[in-house]
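The values are calculated or read from the model by the stated rules, or taken from the named source; none is laboratory data. Keep in mind that this is a model prediction, so the values were computed, not measured. Because the Cβ atoms are built from the backbone with ideal geometry, glycine has one as well, and the counts that use them run over all protein chains shown.
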Amino acid sequence: MTEEVAPTITFPRPTNAAITMITPLEWWGVPWLRMQFQATRLFPYLKGLEQFRSVYFSRWSIVTGFHHNGPPQIKERPRTPYLVWEVLYSAETGPYIESFLTGIRGHIKRLWDSSQGFPGVDSVTDMSRYIADLSWADSYDYWAYRDASVRMILSGLEVSKEHAFLTSAAQSCGPEEFATIYTGFLRRRGGDL
């Protein structure tokens, strides 16, 4: 007699990755970027990142000097200002860069156009090489949910919004009415399950 065992369903662990890229700026880069950053503070939709459900965190910073802690530290200023880009995301790096270039091409051009050696946005290969050449290995990243992607977390939050309603419906409705309610739930949230 053989025992039947139900197949185990496994989901691939999300690929969590980070990029920290530091690019030297042209002489006009600092005022240009400060204007860009102010515009996105006033009008956040200008960032264009809302469409990327794989992004945990993204930040651009301008470095024009280093914090001085007092003696014996020597006061230092970089010869040129730098643009620092930090991003944490859950995707494979190659496809992420490609989707980034496809989705917000104009934003990328406006941000990095003031960086020295910027290859433009016409070639994914050139931009990938540019990012790889100017990226630094990260020594520490914080992931609130190491085994879940951004998309998984957002989907879980969407499903949880309806959980109380489904629980209440299961307790107060008859089987046929609950089946109708549950079918509607599956149509709305099937992609999130």
Residue hits (the range 52-90; out of contact with any Gly (no Cβ under 9 Å at 6 or more places or on another chain), within 23 Å of residue 23 (Cβ to Cβ), outside any strand (DSSP E or B) and not hydroxyl-bearing (Ser, Thr, Tyr)) are 65, 66, 67, 79
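Anything in the range 103-130 that is of a type in the set (Ser, Thr, Tyr) and either under 19 Å from the mean Cα position of the chain (by Cα) or within 13 Å of residue 21 (Cβ to Cβ) (or both)? List them, or say none.
115, 128, 130
Listed here are the residues, each with its yes/no results for (1) modelled with pLDDT under 75; (2) touching a helix residue (DSSP H, G or I) at 6+ places or on another chain (Cβ under 7 Å).
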| residue | (1), (2) |
| --- | --- |
| 5 | yes, no |
| 28 | no, no |
| 51 | yes, yes |
| 71 | no, no |
| 76 | no, no |
Unmet criterion (only one of (1) closer than 19 Å to residue 26 by Cα; (2) touching a residue at least 60 places away in the same chain (Cβ under 8 Å); (3) in a helix (DSSP H, G or I)) for residue 117: (3)
Taking residue 148 as the residue in question, decide whether it is assigned to a loop (DSSP other than H, G, I, E, B), among the small types (Gly, Ala, Ser) and more than 30 Å from residue 79 (Cα to Cα). yes
Can you tell me which condition residue 167 does not meet? The list is (1) polar (S, T, N, Q); (2) under 26 Å from residue 61 (Cβ atoms); (3) part of a helix (DSSP H, G or I), and all the others hold. (2)
Residue hits (the range 64-102; free of Cβ contacts under 8 Å to residues at least 24 places away in the same chain and under 22 Å from the mean Cα position of the chain (by Cα)) are 95, 102
In the range 40-63, how many residues are of a type in the set (Ser, Thr, Tyr) and surrounded by fewer than 12 Cβ atoms within 10 Å (Cβ to Cβ)? 1
Note on residue 32: of the conditions (1) in contact with an Asp or Glu (Cβ under 9 Å, 6 or more places away or on another chain); (2) hydrophobic (A, V, I, L, M, F, W, C); (3) at pLDDT below 90, unmet is (3)
